[in-house]
Amino acid sequence: MTPLTPLLTVLAVVFLLGPLHPAAKAAERFKAVDALVERSVANGVFPGASIAILYKNKLVYHKPFGRLTYYPGSPRINLETIYDTASLTKPIVTTSIIMQLTERDSLDLDDRVSLYIPEFGRNGKKNITIENLMLHNSGLIPHRFFIENCRTPWEVFQAIDNEALSYPTGTQTRYSDLGFITLARIIERITGRTLEDNFQARFSEPLGMHNTMFNPPDSLLPDIAPTEEDSRWTLSRKRPLVHDHNAALLGGTAGHAGLFSTTGDLIRFIQMIMHEGKQSGTRYFKSSTIRHFTRRKGDGKRALGWDLRTIDGPSSAGQYFSDDSFGHLGYTGTSIWIDPKRDLAVITLTNRVHPTSENIKIRKFRPKLHDTVIECLGLE
């Protein structure tokens, strides 16, 4: 056999069968992504995952991996598997509704929170604005296990209203769930509708996100990737399914967590964002609104409701995503990263917290995944 024989064989196959089908090309292009995720399942980074890649206005990759749990007989993940998105609720639900309210209902981000919730202004919080909550520089403490002292949503809200500042407003950036719980209250007071009703009417229903919801019914349990068992729930009433403890205490629907979704549904939403707020003839945002909410503000660490690629250190978006990239992480093992310069987005849903949230291997996986995607596309 001469050195040219393999090449001639390939050329003959191409001549007889034609060039590779686009699906075959895509499968070949993203082999390294396949290998990384499969290896991560085998190494216990997560039991399963669903990954989607959008590039230049096309869905170029969408695959499930692994199983619902580590048990060998557990059902395999599929593209309809529903995941607890955790803090992806913040940008997808709460921030998006705020974006529409600033466009359509004269909501001003410079408004004081106490204008809408007077009781919130106690203990030095009178001057906190809606923008402060969205930038996580309000001075609110990052987190509390409210079940230690609260039994009802009203008691949680009262506890937040009574909080004192943990640092002077606007002087630091400290990620806070309490801020987004409060933003949901503002949305409900302005609109007279629940957060869930707002999201359904404004986004999930018109976008056809039929598997995206708060408090999924028991009938869907076989389709939902499990998280971890809650050992702190002490109330007699049934615990909502959501992993986040405070979201469960708030009834399963909250501004910081609670949304369940699939990669297929999130593709629809992210395509709309990447299409400058328009999808299938319907406009959800002005392009200027998206730019305003996703650019660096304040000290440059965060955008309005969205996270940003870290410039001066390691980022979960990896080393190649541009400095204009925006996204968000979810505690359960979810993430979205969008690079507007490359017209690229990566959606990752996993249940890394099953069976325990002590598993933090995903911290190394996330940047490696995004680097691998860029390398597969030849964009490094």
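The values are calculated or read from the model by the stated rules, or taken from the named source; none is laboratory data. Given the structure is predicted, the values throughout are model-derived calculations rather than measurements. Cβ sites come from the backbone with ideal geometry, for glycine too, and all protein chains shown count toward neighbours.
Selection of region 340-376 for residues being over 19 Å from the mean Cα position of the chain (by Cα) and closer than 22 Å to ARG268 by Cβ yields only ARG342.
Per the listing GLY264, GLY313, GLY251, GLY277, the residue uniquely at pLDDT below 95 and surrounded by fewer than 22 Cβ atoms within 10 Å (Cβ to Cβ) is GLY313.
Would you mind finding the one in GLU276, GLU229 that is over 15 Å from the mean Cα position of the chain (by Cα) and either among the basic types (Lys, Arg) or under 22 Å from ILE336 (Cβ atoms) (or both)?
On the way: GLU229 fails: either among the basic types (Lys, Arg) or under 22 Å from ILE336 (Cβ atoms) (or both).
Answer to the check: GLU276.
When TYR70 is tested against (1) closer than 21 Å to ARG363 by Cβ; (2) under 22 Å from the mean Cα position of the chain (by Cα); (3) part of a loop (DSSP other than H, G, I, E, B), exactly one condition is not met: (2). Scanning region 164-188 for residues that are assigned to a helix (DSSP H, G or I) and more than 16 Å from VAL93 (Cα to Cα) turns up nothing.
Residues in region 212-232 that are surrounded by fewer than 20 Cβ atoms within 10 Å (Cβ to Cβ) and among the polar types (S, T, N, Q): ASN215, SER219, SER231.
Can you name every residue in region 252-290 that is more than 21 Å from GLU103 (Cα to Cα) and without any contact (Cβ under 8 Å) to a residue 40 or more places away in the chain? Please lay out each step first, then the result.
Our first condition is that a residue be more than 21 Å from GLU103 (Cα to Cα); within region 252-290, this holds for 252-254, 256-268.
GLY252, the sole residue that qualifies.
Right, TYR83: in contact with a strand residue (DSSP E or B) (Cβ under 8 Å, 6 or more places away or on another chain), surrounded by 23 or more Cβ atoms within 10 Å (Cβ to Cβ), part of a strand (DSSP E or B) and not aliphatic (A, V, I, L, M) or not? The answer is yes for TYR83. Of the residues making up region 44-68, those that are under 17 Å from ASP84 (Cα atoms) and among the charged types (D, E, K, R) number 1.
In the set (1) touching a Ser or Thr at 6+ places or on another chain (Cβ under 9 Å); (2) under 20 Å from ARG189 (Cα atoms); (3) acidic (Asp, Glu); (4) at pLDDT 95 or above, the condition left unmet by ASP105 is number (4). Restricting the search to region 106-128, which residues are more than 13 Å from GLU163 (Cα to Cα), surrounded by 18 or more Cβ atoms within 10 Å (Cβ to Cβ) and free of Cβ contacts under 8 Å to residues at least 60 places away in the same chain? Passing the criteria: only ARG112.
Scan region 103-124 residue by residue and report those that are in contact with a helix residue (DSSP H, G or I) (Cβ under 7 Å, 6 or more places away or on another chain) and basic (Lys, Arg). So that I can check it myself, show each step before the final result.
Let us first name the residues in region 103-124 that are in contact with a helix residue (DSSP H, G or I) (Cβ under 7 Å, 6 or more places away or on another chain), namely 103, 105, 107, 109-111, 113-114, 116-117, 119-122.
Matches in region 103-124: ARG122 only.
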